[in-house]
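Taken together, the values in this text are just the output of simple stated rules run on the coordinates, not laboratory data. The structure presented is a predicted model; accordingly, all values stated were derived computationally and were not measured. Cβ atoms come from the backbone with ideal geometry, glycine included; neighbour counts cover every protein chain shown.
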Amino acid sequence: MDYNELMKQAKEVSEKAYAPYSKFKVGACLCTPDGKLFSGCNFENSSFGLTICAERNAVGTAIANGEQKISAIAIFSPNMDNCLPCGACRQVLYEFRSQNGIDVITEINNELKVYSLDELLPGGFDL
């Protein structure tokens, strides 16, 4: 899997984010264990609790296409370096992790940084 391609697609989809309130656009591109890519961007709502993060949007798109395992996800915001998933997104990603877990890819000073989801969410909730 090409982490640079994941980040490229995350950057592209971040431009489509709907963030009129926070102005904080985010794009995410995930990869399934068999190499399929799915992207999503955040979209806000005037009822702030209804806002959907880019990561959960990408997961929903993957699920709608019959996928239930994720091996990697790249996350990008033009607003900040090292844009990491919020706690809710970390737990959603944990639900769909592949057998080998999930690599979370961000960018710091135009360099890719890779975290394991287990590093970001130690002891995630699992039935």
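Take CYS83 and decide whether it is outside any loop (DSSP other than H, G, I, E, B) and surrounded by 14 or more Cβ atoms within 10 Å (Cβ to Cβ). Criteria not met by CYS83. State whether the residues of the range 51-68 include one that is in a strand (DSSP E or B), among the aliphatic types (A, V, I, L, M), more than 19 Å from ALA19 (Cβ to Cβ) and in contact with a strand residue (DSSP E or B) (Cβ under 6 Å, 6 or more places away or on another chain). Checking the range 51-68: not a single residue is in a strand (DSSP E or B), among the aliphatic types (A, V, I, L, M), more than 19 Å from ALA19 (Cβ to Cβ) and in contact with a strand residue (DSSP E or B) (Cβ under 6 Å, 6 or more places away or on another chain). The set of residues from the range 8-50 being of a type in the set (Ser, Thr, Tyr), part of a loop (DSSP other than H, G, I, E, B) and touching a helix residue (DSSP H, G or I) at 6+ places or on another chain (Cβ under 8 Å) comprises TYR21, THR32.
Residues in the range 75-98 that are without any contact (Cβ under 8 Å) to a residue 40 or more places away in the chain and aromatic (Phe, Trp, Tyr): TYR94, PHE96. Taking the residues in the range 86-110 that are closer than 19 Å to PRO33 by Cα and assigned to a loop (DSSP other than H, G, I, E, B) as candidates, determine which candidate is nearest to the chain's Cα centre (by Cα). This residue is ILE102.
Filter the range 38-80 down to the residues that are surrounded by 12 or more Cβ atoms within 10 Å (Cβ to Cβ) and small (Gly, Ala, Ser) and list them by number.
SER39, GLY40, ALA54, ALA58, GLY60, ALA62, SER71, ALA72, ALA74, SER77
Close contacts from the range 1-28, counting a first residue that is without any contact (Cβ under 8 Å) to a residue 60 or more places away in the chain and a second that is aromatic (Phe, Trp, Tyr) and exposed (fewer than 14 other Cβ atoms within 10 Å of the Cβ), with Cβ to Cβ under 8 Å and a gap of 6+ residues or different chains, come to TYR21/PHE48.
Of all residues in the range 23-37, those that are over 14 Å from ASN79 (Cα atoms) and either over 9 Å from the mean Cα position of the chain (by Cα) or surrounded by fewer than 16 Cβ atoms within 10 Å (Cβ to Cβ) (or both) total 7.
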